[in-house]
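The structure appears right after this line, and notes come after that.
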């Protein structure tokens, strides 16, 4: 019974960390990466569609992304979507290809991005702690209903805490790696 609760908590914590990794890929570091445009949506014949389903996004060089539209009529819509994405990017259109030069990040913008990254990490830590709280509450309910012995509950709580500590350590490691990457020039 307690193993199932711990396994469920571990699965949910892993999902939180995976979500944090995905959020980190959306934060710009100064280098071109196709995942920068993953959250951009295009109005594709009346339907909001992810850019990656309406065009091919590739890296030309370290500071340039290339977006090739699959339908020539979509080029202006893709350009508009990129401009409205609040990423500070200005695409240059040539036929069905949009070239997006990434401007170098200023020191102030890097600091702002680090603050955003830290707040994302804190949100993930809170999610992990909430999962721990749910697991411990679930264990307490099992003891109350006499489905689990108290000594087994204490062992399970220690296991949940150990799990929580290891996942928060992973978050801290991901955050430190992202900060180093952002401060590179």
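The values are calculated or read from the model by the stated rules, or taken from the named source; none is laboratory data. Keep in mind it's a predicted model, so treat the numbers as computed, not measured. Here Cβ is always computed from backbone atoms with ideal geometry, including for glycine, and neighbour counts include all displayed protein chains.
Annotation note: of 85, 73, the sole residue that is farther than 30 Å from residue 154 by Cα, surrounded by 15 or more Cβ atoms within 10 Å (Cβ to Cβ) and over 16 Å from the mean Cα position of the chain (by Cα) is 85. Scanning the range 126-151 for residues that are exposed (fewer than 15 other Cβ atoms within 10 Å of the Cβ) and either over 22 Å from residue 166 (Cβ atoms) or touching a residue at least 60 places away in the same chain (Cβ under 8 Å) (or both) yields 140, 141, 144, 145, 146, 147, 149, 150, 151. Looking only at residues that are out of contact with any helix residue (DSSP H, G or I) (no Cβ under 8 Å at 6 or more places or on another chain) and under 30 Å from residue 77 (Cα atoms) in the range 103-125, which one is surrounded by the most Cβ atoms within 10 Å (Cβ to Cβ)? For the range 103-125, the residue satisfying everything is 109. When the range 61-114 is filtered for residues that are modelled with pLDDT under 85, part of a helix (DSSP H, G or I) and within 17 Å of residue 31 (Cβ to Cβ), the ones remaining, listed by number, are 107, 109, 110, 113. Could you check the range 1-48 and list, in sequence order, the residues that are farther than 30 Å from residue 86 by Cα and outside any helix (DSSP H, G or I)? Scanning the range 1-48 gives a single hit, 1.
I'd like to know if the range 36-55 contains one or more residues that are exposed (fewer than 15 other Cβ atoms within 10 Å of the Cβ) and under 17 Å from residue 182 (Cβ atoms). No, because not a single residue in the range 36-55 is exposed (fewer than 15 other Cβ atoms within 10 Å of the Cβ) and under 17 Å from residue 182 (Cβ atoms).
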